[in-house]
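Structure, as structure tokens:
The numbers here are math on the coordinates, done by the rules we state, and not lab data. Since we're looking at a predicted model, the values are computed, not measured. We place every Cβ from the backbone using ideal geometry, glycine too, and count neighbours over all the protein chains shown.
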Amino acid sequence: MSHILSMISSAFLPALLAIILIYGFVKKAPVYDLFIEGCREGLSSAANITPYIIAIFLAITLMTDSGALSALEKLVAPVFNILGLPQELLSFMIMRPVSGSGTLVLVEQLAENFGADSFVCRCASTMMGSSETLLYAIAVYFGVTSVKHLRHTVAVGIAGYIIGIWASFLLCKVM
Amino acid sequence: MNKIWAIMLAAGILSFGFSSLPGTAADGSVSFSDSLFTSCEEAVYFVIGLAGIMGLWSGFMNIAKGSGLIHSLSVKCRKIMSFLFPNIKDEDTLMLMLMGFMANIFGAGNSATVFSLQAMKKLDETNPRKEYASNEMCMFATVNMSMLQLVPVTVVDIRSRAGSAAPEDIILPSLIAGLLSTITSIAVCKICERRSAPP
């Protein structure tokens, strides 16, 4: 089953490109001119998001490099104990909403220290697959808009994240 | 965002201050200026990488639009999306959002970002109160962030390299967990919409 899933996944992009191109040909659309026109627009929006990307990368790198995240870990450790979540996953769960590459490094470390099929590593991998770099995504998504007040976005994002993490933990326990 | 960003920066700078005090065990071997420089450098590299793929997909979406492909799919697309976004009629916006979701599900990382960003831009253009995120923006962003991925390729890869007996075992639980997280996001978002209406 997983083979079928990964086949679909890897076929998605080429299939999409082919469909658009063939449809354009059939309808005799000026595909090249349309591509150039759209591409120009895309490049200008890439330039527009640069300040937001620099701002969020700066904040995230300062947090991780300075050890501020590890300080946060010590603060929330008691809460983890109450919830029954394994302490080994603490830094992983705090890192996850902030940095994608940072979490991958942590998963690698967990696999090395506890074994790839250990509960801790399975748990972390499941959490990795069912969540997203929240903070970064919010900054980038709203970076292209003129919105100043995010309203409930952050709260909903965190709620979804917590449920995803929690469900991963419980599922790994039973499966 | 103003508050979050300021707090993150302040926390980072303060912790750097503390860890450089004499007598404290400095766990970070990275210096402050290194950290500043690499983060800004990485950000620009990231944008440059994204710019190419952004140009590519914007170009192809423009072909799809110009050739009438989007228009011919718009009825189906509207059906799928009307549950989450009943108020959006513009077919380009709906299509971009749908593409963003699909690219996310199929794990097309940067391409997903591109579709999502273009969709957010479209949503911004029709947002009546520019200062406040519209209901649709909040919904789109949160659903997209909780979106599940069919095959979490990188993690499966890490596991198989680390010698796992069944690296793909995590796919099913992460699908279920992702689904639960998406449902939660939609539900909480619908509830919050009414409570946090912009003044």
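Which FRET efficiency value, to the nearest 0.05, do you get for A:Lys74 and B:Ile7 by plugging their Cβ-Cβ distance into 1/(1 + (r/R0)^6) with R0 = 25 Å?
The computed FRET efficiency comes out at 0.90.
Could you compute the FRET efficiency for B:Ile191 and B:Arg161, with r as their C-beta to C-beta distance and R0 at 45 Å, rounded to 0.05?
0.60
Could you tell me which of rounded, prolate or oblate describes the protein assembly as shown, using a ≥ b ≥ c as the square roots of the eigenvalues of the alpha-carbon gyration tensor, with rounded for a/c under 1.5 and, failing that, prolate when a/b is larger than b/c and oblate otherwise?
Taking the square roots of the gyration eigenvalues as a ≥ b ≥ c, the protein assembly as shown is prolate.
Need one number: nm distance between label points at B:Ile183 and A:Leu104, each 7 Å from Cα along Cα→Cβ, rounded to one decimal.
About 3.1 nm separates the two model spin labels.
Select from chain A the helices, each a whole stretch of DSSP H, whose alpha-carbon atoms run 18 Å or more along the helix axis and whose Kyte-Doolittle mean is at least 0.5; answer none if there are none.
Taking the DSSP H segments of chain A (at least 18 Å long, mean hydropathy at least 0.5), we get A:2-26, A:31-66, A:68-83, A:100-114, A:153-174.
Work through the residues other than B:Val188 whose Cβ is under 15 Å from its Cβ and net out their charges, Lys, Arg +1 and Asp, Glu -1.
Overall, the nearby charge balance is +3.
At R0 = 30 Å, how high is the FRET efficiency between B:Ile80 and A:Lys173 if r is their beta carbon distance? Nearest 0.05 is fine.
Taking R0 as 30 Å, the efficiency between B:Ile80 and A:Lys173 is 0.30.
Counting other beta carbons within 10 Å of each Cβ, put A:Lys74, B:Lys121 in order, fewest first.
A:Lys74, B:Lys121
List A:Cys123, B:Cys40 from most exposed to least, where exposure is judged by having the fewest other Cβ atoms within 10 Å.
B:Cys40, A:Cys123
Which order results if A:Glu88, A:Glu112, B:Glu131 are arranged by neighbouring Cβ count within 10 Å, fewest first?
B:Glu131, A:Glu112, A:Glu88
Please count, across chain B, the pairs of lysine residues with Cα atoms under 28 Å apart that sit 8 or more places apart or on different chains.
Count of close lysine pairs: 28.
In a Gaussian network model over chain A where Cα atoms closer than 10 Å are linked, find which of A:Pro97, A:Pro78, A:Pro30 has the largest mean-square fluctuation.
Looking only at A:Pro97, A:Pro78, A:Pro30, the largest GNM fluctuation is found for A:Pro30.
Sort out for me the Cα centre separation of the range A:41-86 from the range A:87-109, rounded to whole Å.
For the range A:41-86 versus the range A:87-109, the Cα centre distance is 11 Å.
What dipole magnitude, in Debye to the nearest 20, does chain A give about its Cα centre under +1 on Lys/Arg Cβ and -1 on Asp/Glu Cβ?
The dipole of chain A has a size of about 480 debye.
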